[in-house]
1. Looking at the chain only, what percent of DSSP beta bridges run antiparallel? Nearest 5 please.
2. Amide H of VAL238 versus every other amide H placed in the peptide plane: which residues, excluding those fewer than 5 positions away on the same chain, fall under 5 Å?
3. Can you work out the PRE-style zone for ARG291? Point 7 Å along Cα to Cβ, and I want the residues of the stretch 244-261 with backbone N under 18 Å.
4. When we measure straight from the Cα of LYS345, which lysines land under 27 angstrom away, once same-chain ones fewer than 8 places off are left out?
5. With helices defined as uninterrupted DSSP H runs, which ones in the chain have an alpha carbon span along their own long axis of at least 18 Å and mean Kyte-Doolittle hydropathy of at least -0.5?
6. May I ask you to list the residues of the stretch 237-266 whose amide nitrogen lies under 17 Å from a point 7 Å from Cα along the Cα→beta-carbon direction of SER82?
7. Which value in deg cm²/dmol, rounded to the nearest 500, describes the helix-derived mean residue ellipticity at 222 nm for the chain, given -39,500 (n - 2.57) per DSSP H run of n ≥ 4 and division by the residue count?
8. Would you give the gap between the C-alpha center of the stretch 353-398 and the C-alpha center of the stretch 183-216, rounded to a whole Å?
Amino acid sequence: MDNDISKLKIERQPLLATPRKSRHLGRWIGGTLAVLVVGGLVISMANRPTPIQLTSVTQAYPSQALSVLNATGYVVAQRKASIASKATGRLEWLGVREGSTVKAGELIAKLENADLKANVSQAAANIDIARARLQEAEAELQDAQRAYDRALDLKKQNFISNAELDQVKARLDRAKAGVSGARSAIGAAVAGTEAARVAVANTEIRAPFDGVILTKNANVGDVVAPFSSSAEAKAAVVTMADLSTLEVEADVAESSVGKVKVGMPCEIQLDALPDMRLKGVVASQVPSVDRSKATVMFKIRFVEKHDQVLPEMSAKVAFLTRELNTNERQPKVAITPTALSGEGKQTWLWQVIDGHAKKVQVERGEQLGDLQTIRGPVKPGDKVVNKPSERLKDGGAVVVAEK
């Protein structure tokens, strides 16, 4: 029994050793977790996208360095007309539409003119009547002349009196006057016929010069009355212009007029055709000042012409110190200088592709105004980092910083 009770003795020493091992294990696990957390934060910070500012690769023209002044204006045809008829009537036929090319004298439209054509026929008949009356007057003159000749012979033989001779002479004079009147009647009939034909021609609207139809202002059936104030009547049938006379009318501030001279070379850029630069030259200066805008108008003639240039297009004009050569007219790839890093041959930029920065080696060119020309594997429109930071890495993630 005593032996059994002794077996129930509690061993305390081992129980005191167990908590000590647990504390060491907890510290080790806690330290490991702290290291993992810090490492994760470091890795997270390393993979976090770098905030950047974006800019774009663009293109610049060497003419920017030779420009002494820039101005804006509009393309205007120097030969332009609103075509109308002298006559008043209903439009019967219209043979053109917007964009049609016409030659000088070409028929554009016609008004109803059946009554005027009838007048031409009537005038032609009047000529025939006048000619018949002339023949009758000439026959009367011949008979009066023969009667007068016989009367003279009889008078020489004293067979008739002076009074009878005077009567025969008066008949001869009347016959001569009748012939003259008949000839004048023919002239009047011919003139009347010509007037009737002119009246018909006035109903035919023809192009006054070679050009292109810009607008169509009337349709078949409309009443055309160029000198009428009626709201229902159309003044002009079409508007046309000679596109070979296109010029840019540009406004120059009166304080800068001294910089521009007639004959000065220019470069013209149209807003509708931004990738096209055309040669121009200052053709003339309007000798007056627009007081409302404090500007003077200059007219710039196109040295180079293009089919896509149309009247009323907006244009920018660069007035140049000299004419550009062929190489200077070609655009060059350029960028803002703050997007470049390094110097000389060790120059690069950071191109942004799908949210990642790519280091691209480039070569510096000439300075054109505020832009730096470059040569390298980039093209206009590519997105690059502006004012790059030292944190950028090749292939690293980037994000556009909020302004």
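1. Details: 81 of 85 bridges.
If we restrict to bridges inside the chain, about 95 percent are antiparallel.
2. Those lying under 5 Å, H to H, from VAL238 are ILE83, ASN217.
3. Answer for this model: 254-255.
4. The reachable lysines, counting only those whose Cα sits under 27 Å from LYS345, are LYS332, LYS358, LYS359, LYS379, LYS383, LYS387, LYS393.
5. Details: long enough: 13-47 (52 Å, 0.55); 114-156 (63 Å, -0.63); 162-201 (58 Å, 0.14).
Within the chain the helices that satisfy the rule are 13-47, 162-201.
6. Answer for the stretch 237-266: 237-242.
7. Details: 5 runs with 127 residues, N = 403.
Result for the chain: -11000 deg cm²/dmol, rounded to the nearest 500.
8. The stretch 353-398 and the stretch 183-216 have Cα centres separated by 71 Å.
No value in this document is a laboratory result; all are computed from the given coordinates. What you see is a predicted model, and the numbers here were worked out from it, not measured in a lab. FYI the Cβ positions are ideal-geometry reconstructions off the backbone, even for glycines, and counts take in every protein chain you see.
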